1. Select from the range 117-133 the residues that are outside any strand (DSSP E or B) and open to solvent by less than 80 Å² (accessible area, probe 1.4 Å) and list them in ascending order.
2. Can you confirm whether Asp92 is modelled with pLDDT under 80 and farther than 20 Å from Ile30 by Cβ?
3. Go through the range 94-103 and give me each residue that's charged (D, E, K, R) and surrounded by 15 or more Cβ atoms within 10 Å (Cβ to Cβ).
4. Going through the range 49-82 one residue at a time, which ones are assigned to a loop (DSSP other than H, G, I, E, B), touching a residue at least 12 places away in the same chain (Cβ under 8 Å) and in contact with a strand residue (DSSP E or B) (Cβ under 7 Å, 6 or more places away or on another chain)?
5. So which residues in the range 105-116 are more than 13 Å from the chain's Cα centre (by Cα), on the phi < 0 side of the Ramachandran plot and either part of a helix (DSSP H, G or I) or not hydroxyl-bearing (Ser, Thr, Tyr) (or both), if there are any at all?
6. May I ask you to verify whether Leu109 is surrounded by fewer than 19 Cβ atoms within 10 Å (Cβ to Cβ) and of a type outside the set (Lys, Arg)?
7. Regarding Gln145, is this residue modelled with pLDDT of 55 or more, more than 23 Å from Gly26 (Cα to Cα) and out of contact with any Pro (no Cβ under 8 Å at 6 or more places or on another chain)?
8. Go through Leu70, Leu7 for me and flag whichever is hydrophobic (A, V, I, L, M, F, W, C), surrounded by 11 or more Cβ atoms within 10 Å (Cβ to Cβ) and modelled with pLDDT under 85.
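The values are calculated or read from the model by the stated rules, or taken from the named source; none is laboratory data. Bear in mind that the values here come from a model prediction, so they are computed numbers and not experimental data. Reconstructed Cβ throughout: ideal geometry from the backbone, glycine too, with neighbour counts over all protein chains shown. Ligands, DNA and RNA are stripped out before the accessible areas are found, and what is left, the full protein with its side chains, is counted by its heavy atoms. Shrake-Rupley method; radii C 1.70, N 1.55, O 1.52, S 1.80 Å.
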Amino acid sequence: MNLTKTLITLLVCLLPLSPSAGELDGKGLICKKIEHNQVPWDTNVLMMFRFADDMAYENLFIEINDEIVLQKLSDEDISGNPINRGYRTTFDKIQIYEIGTIDRNNLLLTVGDGTAFGKNSHRCDIVHTRLEYYEVLLLMQNEFQNRLMRSSLTDNSNQSTEVPALDSVGRVCRKVAER
């Protein structure tokens, strides 16, 4: 009887420590490719995820008629088949279905099996609330739009591919969180 009580007590104490579905709900991840030579809003450079209802919703910036627009990816592929937007967590990894794996220790994302961009190709920063997530995206969108407008006024061949807000996403996330 004492052994049973001890085991039940241990189980109840350790249960909150185990990873579970939905543990990331309300948070976001903004991942930037570590080495790149594309415009910073390119979908290969910037990957953004908002977690809600046990799903990982991906956002991206697209350029339409000289305007940078924030877009949520569809829940269906171009053939109309549903896309699994779920995720699961373990103590050391976050697996976002049909996207890749994030190492929880160093917040590095490996897209797919790592063959397209290499292992640990994107560095991620955590955004702790939904409001912070959209505030950070709005700041980046404004900077990208300003960058696009400036580049249309100058010679595009000499334009750098870096954007300060993107290069310091963590700093921007912390700045928004401090407000």
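1. First pass over the range 117-133, keeping only residues outside any strand (DSSP E or B): 117-121, 128-133.
Those that are outside any strand (DSSP E or B) and open to solvent by less than 80 Å² (accessible area, probe 1.4 Å): Phe117, Gly118, Asn120, Ser121, Thr129, Glu132, Tyr133.
2. No: the conditions fail for Asp92.
3. Taking the range 94-103 as the starting set, the residues that turn out to be charged (D, E, K, R) are 98, 103.
Correct list: Asp103 only.
4. Taking the range 49-82 first, the residues assigned to a loop (DSSP other than H, G, I, E, B) are 53-54, 65-66, 73-75, 77-81.
If we keep only those that are touching a residue at least 12 places away in the same chain (Cβ under 8 Å) too, we end up with 53-54, 66, 73.
Those that are assigned to a loop (DSSP other than H, G, I, E, B), touching a residue at least 12 places away in the same chain (Cβ under 8 Å) and in contact with a strand residue (DSSP E or B) (Cβ under 7 Å, 6 or more places away or on another chain): Asp54, Leu73.
5. Quick first cut of the range 105-116, residues more than 13 Å from the chain's Cα centre (by Cα) only: 105-106, 112-116.
After this cut, where a residue has to be on the phi < 0 side of the Ramachandran plot as well, the list is 105-106, 113, 115-116.
Answer for the range 105-116, where residues must be more than 13 Å from the chain's Cα centre (by Cα), on the phi < 0 side of the Ramachandran plot and either part of a helix (DSSP H, G or I) or not hydroxyl-bearing (Ser, Thr, Tyr) (or both): Asn105, Asn106, Asp113, Ala116.
6. Numbers: surrounded by fewer than 19 Cβ atoms within 10 Å (Cβ to Cβ): no; of a type outside the set (Lys, Arg): yes.
Answer is no for this residue.
7. Working: modelled with pLDDT of 55 or more: yes; more than 23 Å from Gly26 (Cα to Cα): yes; out of contact with any Pro (no Cβ under 8 Å at 6 or more places or on another chain): yes.
Considered against the rule, which asks whether it is modelled with pLDDT of 55 or more, more than 23 Å from Gly26 (Cα to Cα) and out of contact with any Pro (no Cβ under 8 Å at 6 or more places or on another chain), Gln145 comes out as yes.
8. Leu70
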